[in-house]
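A quick write-up on the structure given underneath.
Taken together, the values in this text are just the output of simple stated rules run on the coordinates, not laboratory data. Just so you know, these numbers come straight off a predicted model, no measurement behind them. Ideal geometry is used to build each Cβ from the backbone, glycine not excepted, and the neighbour counts take in all protein chains shown.
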Amino acid sequence: MKVAELLVKCMENEGVEYIFGVPGEENIDVMDALRDSKINFIVTRHETSAAFMAGMYGRLTGKPGVCLATLGPGATNLLTGVANANMDLSPIVAITGQAGLERQHKTSHQYYDLVAIYQPVTKWNAQVKKAEIVPEVVRKAFQVATQDKFGATHIDLPEDVAAMEVEGEPLPVIGHTMSEADDPVIDQAAKLIDKAKKPLILAGNGITRDNASSNLRTLVQDTNIPVVHTFMGKGALSWQDEHSMLTAGMGGKDYITCGFDESDLIIAIGFDIAEYPPINWNPKSKTAVLHIDTQEAETDAHYPVKLNVIGDIKENLRKLKTSIVTKDRNIDWIKSVREKTLSELEEFKNDKSFPVKPQKIISDLRAVLNEESIVISDVGAHKMWVARMFHCYQPNTCLISNGLASMGVAVPGAIAAKMVNPKKNVVAVCGDGSFQMTSAELETAMRLNLAIVILLWRDEGYGLIEWHQMKAFKRSSHIKFGNPDFVQLAKSYGFEAVKIEKTQDLKSTLEWAISLNKPVLIDCPVDYRENMKLTEKLGKIKC
């Protein structure tokens, strides 16, 4: 068979369902081999979107999502989405076509050294320079992508190698085993917790990656320790649990700042340091950290680790629960954090002012969605509001990119999420800036007949940047832009679409969109004057 056919055969052996990508001249052998494969190739309208889709697939399933592009501009377009998945710790395997080996030693049409370019944004990558190494390369790419912590790998396939004849078979797929922390380490951790008067759990995305949410919930109920979530850890504990202090991650002060200030031990579980810098919640480095994760903690002056508990998070939480002696803690010291945050959501429930306030949009969205519905936030000012105020019942029901945090992730992400969870409601929350970066994927959603809902917050500008500018300089600079008629744009792709003209219509429009079981776009003008009002309000917090 051809090398391209063996590559496809190896991916079938890995259980690949979809490959997201854009075909090109240098990968035509792979594309032809896929014609005879059970793997479904999803043609996207941009390579970055393909990598965003693969990353979301990996995040939701725990299996590597696969994306493909040709050499040169196709590969460099793909790079952003690969980097996004790698920093979000989502398993992904990227495949790029490449110039033939005979012209890689000189300046050549569309040729760049992709192994060198991809090296900083992947866990591992390699070029296939010999036909017979394909089974090893594919097996290693999938193996490394799913070794904790998850991330991206990259295979570069020159076009002349892809067309070579080869004999070979896929290598056996071997599952990962995760060790547990030794009993003496668990005992030390339990003693630290028993000694603490005001311990606070910081729940990160690693809890979801390790399927440890139920173990966390059991631990919390048994020990009465309050929990705050990172943006990507949302849903590890249901927001309705009285122990949930909801979500942290805003730059500067928030109510939870007082909780961090008063705590004498932060129990960081599955915490990924890239998404929430410790200087934001431990500025004086005074609070000790108990680090529970699959890898030792990153070195950070504001993350003073007292003890690392490394290994299978599920099993270590289970063992820790049985070792902790103190069970009757009082959490009154931190209850006001939860009460004040929830009161904000209630405060705007019946707001009728127009354009629609962010708090009202979040309130209506939460009211119409069930516990299993999936919300995917793009990057922008709306992300801050979603992260802070859209509260979750379950893991992986509010998906936020907070590692690389690339704009444009939501629409491609919603497409992949709906493919993985066809029976669940999937809503992409976008700003008008982020939406237009990947809006061509509306065609992809229509082609695949995916009933996603796009809730577009329109303010004719880069709202998050303006927010930062106003905080820093009291004036904005170069953030405004024009927009198309989003309703007509969406309809031209075949979407149902509607524009919100008055605030009272938003909730019923969301209900209609969810019930329709078709692709829908809702154009909702947003009042981002609330951004600075929130900044001023939080700036007055006295712990």
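Take every DSSP beta bridge whose two residues both sit in the stretch 348-539; close to 5 percent of them are antiparallel.
Amide H to amide H, with H built 1.01 Å from N, Ala497 comes under 5 Å of Leu521, counting only residues 5 or more places away or on other chains.
Please compare each pair in Lys383/Lys542; Lys499/Lys537; Lys149/Lys540; Lys253/Lys383 to a cut-off of 27 Å on the Cα-Cα distance and tell me which ones are over it. Table pairs above 27 Å Cα-Cα are Lys499/Lys537; Lys149/Lys540.
The aspartates and glutamates whose alpha-carbon is closer than 15 Å to the alpha-carbon of Lys306, local same-chain residues fewer than 8 away aside, are Asp187, Asp194, Asp264, Asp293, Glu296, Glu298.
Going by Cα centres, the stretch 113-136 and the stretch 185-221 are how many Å apart? If we compute the Cα centre of each part, the gap is 38 Å.
Across the stretch 518-534, rounded Karplus estimates of 3J(HN,Hα) from the backbone phi angles (6.51 cos²θ - 1.76 cosθ + 1.60, θ = phi - 60°) give 9, x, 9, 10, 10, 8, 10, x, 10, 9, 7, 4, 5, 4, 6, 4, 5 Hz, Gly and Pro being marked x. Less than 5 angstrom separates the built amide H of Cys398 from those of Val375, all sequence-distant by 5 or more or on a different chain. Take the Cβ atoms of Lys349 and Thr299, set R0 to 60 Å, and the FRET efficiency comes out at 0.85. Projecting label points 7 angstrom from Cα along Cα→Cβ for Ser508 and Lys542 puts them 4.6 nm apart. For the stretch 226-246 versus the stretch 408-436, the spacing of their alpha-carbon centroids is 23 Å. The order of the peptides 196-206, 86-96, 309-319 by mean Cβ neighbours within 10 Å, most packed first, is 86-96, 196-206, 309-319. Checked against a 21 Å cut-off, the cross-linked pairs Lys424/Lys491; Lys474/Lys533; Lys63/Lys140; Lys418/Lys502; Lys38/Lys423; Lys360/Lys502 give Cα-Cα distances beyond that limit for Lys424/Lys491; Lys418/Lys502; Lys38/Lys423.
Charges were assigned to the Cβ only: +1 to each Lys and Arg, -1 to each Asp and Glu. The resulting dipole of the stretch 16-152 about its Cα centre is roughly 280 debye. Under the simplified labelling scheme, the Val115-Asp182 pair shows an inter-label distance of 4.0 nm, with each label point 7 Å from Cα along Cα→Cβ. The ellipsoid equivalent to the alpha-carbon distribution of the stretch 3-162 has semi-axes of 21, 17, 15 angstrom, derived from the gyration tensor eigenvalues as √(5λ) and listed largest first.
Given +1 at the Cβ of Lys and Arg, -1 at the Cβ of Asp and Glu and no other charges, the dipole of the chain around its Cα centre is 1900 debye to the nearest 20.
Based on every Cα atom in the stretch 348-539, Rg and the maximum pairwise Cα distance Dmax equal 15.6, 47 Å. Averaging 1/r across all pairs of distinct Cα atoms in the stretch 151-213 and inverting the result yields a Kirkwood radius of 17.7 Å.
Of the trypsin sites (Lys or Arg not before Pro) found in the stretch 447-543, the ones in coil according to DSSP and having at most 14 other Cβ atoms within 10 Å of their Cβ are Lys474, Arg475, Lys502, Lys540, Lys542.
As a ratio to 2.2 N^0.38 Å, the alpha-carbon radius of gyration computed for the chain takes the value 1.00.
Karplus-derived 3J(HN,Hα) values for the stretch 75-81, using 6.51 cos²θ - 1.76 cosθ + 1.60 with θ = phi - 60°, are 5, 6, 5, 5, 4, 4, x Hz; glycine and proline are entered as x. Computed over the stretch 183-334, the range of Cα coordinates on each principal axis works out to 37, 32, 28 Å, biggest value leading.
Beta bridges assigned by DSSP with both partners in the chain are antiparallel in approximately 5 percent of cases.
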